[in-house]
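Below is one structure, written out as structure tokens, with a few remarks after it.
The values are calculated or read from the model by the stated rules, or taken from the named source; none is laboratory data. Every value quoted in this text rests on a predicted model; they were computed, and no experiment measured them. Using ideal geometry, Cβ is built from the backbone for each residue, glycine included, and neighbour counts are taken over all protein chains shown.
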Amino acid sequence: MMSAVTVAELLREGRRALAGGDAPVFETELFLAAAIEGSRADLFRAPEHVPAASQIERFRDFIARRSTGLPAAYILRHREFRDLDLIVTPDVLVPRPETELLVEQTLALADAADAPLTIADLGTGTGAVALTIAHSRPLWTVYAVDISTAALDVARANALRHRCTNVAFSQGNWLDAFNGPPLDMIVSNPPYVTTDDPAFSTGETRHEPRLALDGGPDGLDAYRAILTQAENHLKPGGRILFEHGALQGEAVRRILADHGFIEPATVKDLAALDRVTHALRPA
């Protein structure tokens, strides 16, 4: 029979088990709040509360799975991204905070918020980028594109959850099967990890879909593929925006220039690292 354990004791237990991780205190609170179907604030309002045995068992299962390196978002099945709470499954990449810069730049670089633009988010995954843009700009039409059927199922579920009716879905390898209208903007957070990166065998990354991460020998295969197709879909004067690795800004600018794009510029994230590069297709 499971002995009575208080909220405070469970919090200490979880922190010890996750010590050495990125955020043992925060994650322990998230897991316990989810297990008792409450909020993190509830934990501190009643630290002497004794959860039900089933809730304690659920919490300990969360902690055990997290201790193996499984991302917290896969355990809890959701992740916050900007203003949206998104469904997350092992079929999709876990949305990262740094990707919010891609959304911010897309919104900032559009000429006017009330212009009815048409854009495509390539490699949409959860739909994080497409849906936050669509949610912020209801007059825009956003195409969420992914090669993975399972990923598109997750993105569709998230669109339904947040009532984003201005999002359409397209399956294909980047733009090779896209049959929508000419695009004003293309945005993408493509795979950019090099094939031989040790991250694929260590840490959280080994649990995520490799298709969404492996960018080839130099990490730049997806950028070349997208730009080869972009001229058939992006309007003259249209803009393309990429997220990339912290050391890839110069290389992405060079690839853009090689494909005839002009005015390439790289924007740094909050850690002062190169993160988003954008450029124009000549008018």
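Is the range 116-124 home to any residue that is surrounded by fewer than 18 Cβ atoms within 10 Å (Cβ to Cβ) and not polar (S, T, N, Q)?
Yes, there is a match, as at least one residue in the range 116-124 is surrounded by fewer than 18 Cβ atoms within 10 Å (Cβ to Cβ) and not polar (S, T, N, Q).
Quick one: how many residues across the range 137-158 are under 22 Å from ALA115 (Cβ atoms) and either part of a strand (DSSP E or B) or not basic (Lys, Arg) (or both)?
Here the count works out to 8.
SER54 fails exactly one of the following numbered conditions: (1) in contact (Cβ under 8 Å) with a residue 12 or more places away in the chain; (2) of a type in the set (S, T, N, Q); (3) more than 27 Å from ALA155 (Cα to Cα). What is the number of that condition?
(1)
Within the group LEU11, LEU43, LEU32, LEU18, which residue is in contact with a Gly (Cβ under 9 Å, 6 or more places away or on another chain), of a type outside the set (Ser, Thr, Tyr) and over 30 Å from GLU104 (Cα atoms)?
Selected residue: LEU32, the only one of LEU11, LEU43, LEU32, LEU18 that is in contact with a Gly (Cβ under 9 Å, 6 or more places away or on another chain), of a type outside the set (Ser, Thr, Tyr) and over 30 Å from GLU104 (Cα atoms).
Please go through the range 179-188 and give me each residue that is in contact with a His (Cβ under 7 Å, 6 or more places away or on another chain) and crowded, with 20+ Cβ neighbours inside 10 Å, ordered by number.
LEU183
Taking the condition of being polar (S, T, N, Q), more than 28 Å from GLN229 (Cβ to Cβ) and either in a loop (DSSP other than H, G, I, E, B) or in contact with a helix residue (DSSP H, G or I) (Cβ under 8 Å, 6 or more places away or on another chain) (or both), how many residues in the range 182-207 meet it? Let's see the steps before the verdict.
The initial filter retains those residues of the range 182-207 that are polar (S, T, N, Q), namely 188-189, 194-195, 201-202, 205.
Still in the list and also more than 28 Å from GLN229 (Cβ to Cβ): 201-202.
Narrowing further to those that are either in a loop (DSSP other than H, G, I, E, B) or in contact with a helix residue (DSSP H, G or I) (Cβ under 8 Å, 6 or more places away or on another chain) (or both): 202.
Count: 1.
Looking only at residues in the range 168-180 that are of a type outside the set (A, V, I, L, M, F, W, C), modelled with pLDDT of 95 or more and out of contact with any helix residue (DSSP H, G or I) (no Cβ under 7 Å at 6 or more places or on another chain), which one is nearest to ASP218 (Cα to Cα)?
Going through the qualifying residues, I end up with ASN173.
Out of everything in the range 230-241 that is within 23 Å of the chain's Cα centre (by Cα) and free of Cβ contacts under 8 Å to residues at least 60 places away in the same chain, what residue ends up being surrounded by the fewest Cβ atoms within 10 Å (Cβ to Cβ)?
The qualifying residue surrounded by the fewest Cβ atoms within 10 Å (Cβ to Cβ) is ALA230.
In this structure, does ALA222 turn out to be in contact (Cβ under 8 Å) with a residue 40 or more places away in the chain and assigned to a helix (DSSP H, G or I)?
yes
Any residue at all in the range 167-176 that is of a type in the set (A, V, I, L, M), free of Cβ contacts under 8 Å to residues at least 40 places away in the same chain, out of contact with any Asp or Glu (no Cβ under 9 Å at 6 or more places or on another chain) and crowded, with 17+ Cβ neighbours inside 10 Å?
no
Right, ARG60: surrounded by 16 or more Cβ atoms within 10 Å (Cβ to Cβ), outside the structural domain of ILE133 (by TED's automatic domain parsing), of a type in the set (D, E, K, R) and under 27 Å from CYS164 (Cβ atoms) or not?
Here the answer is no, as ARG60 does not meet what is asked.
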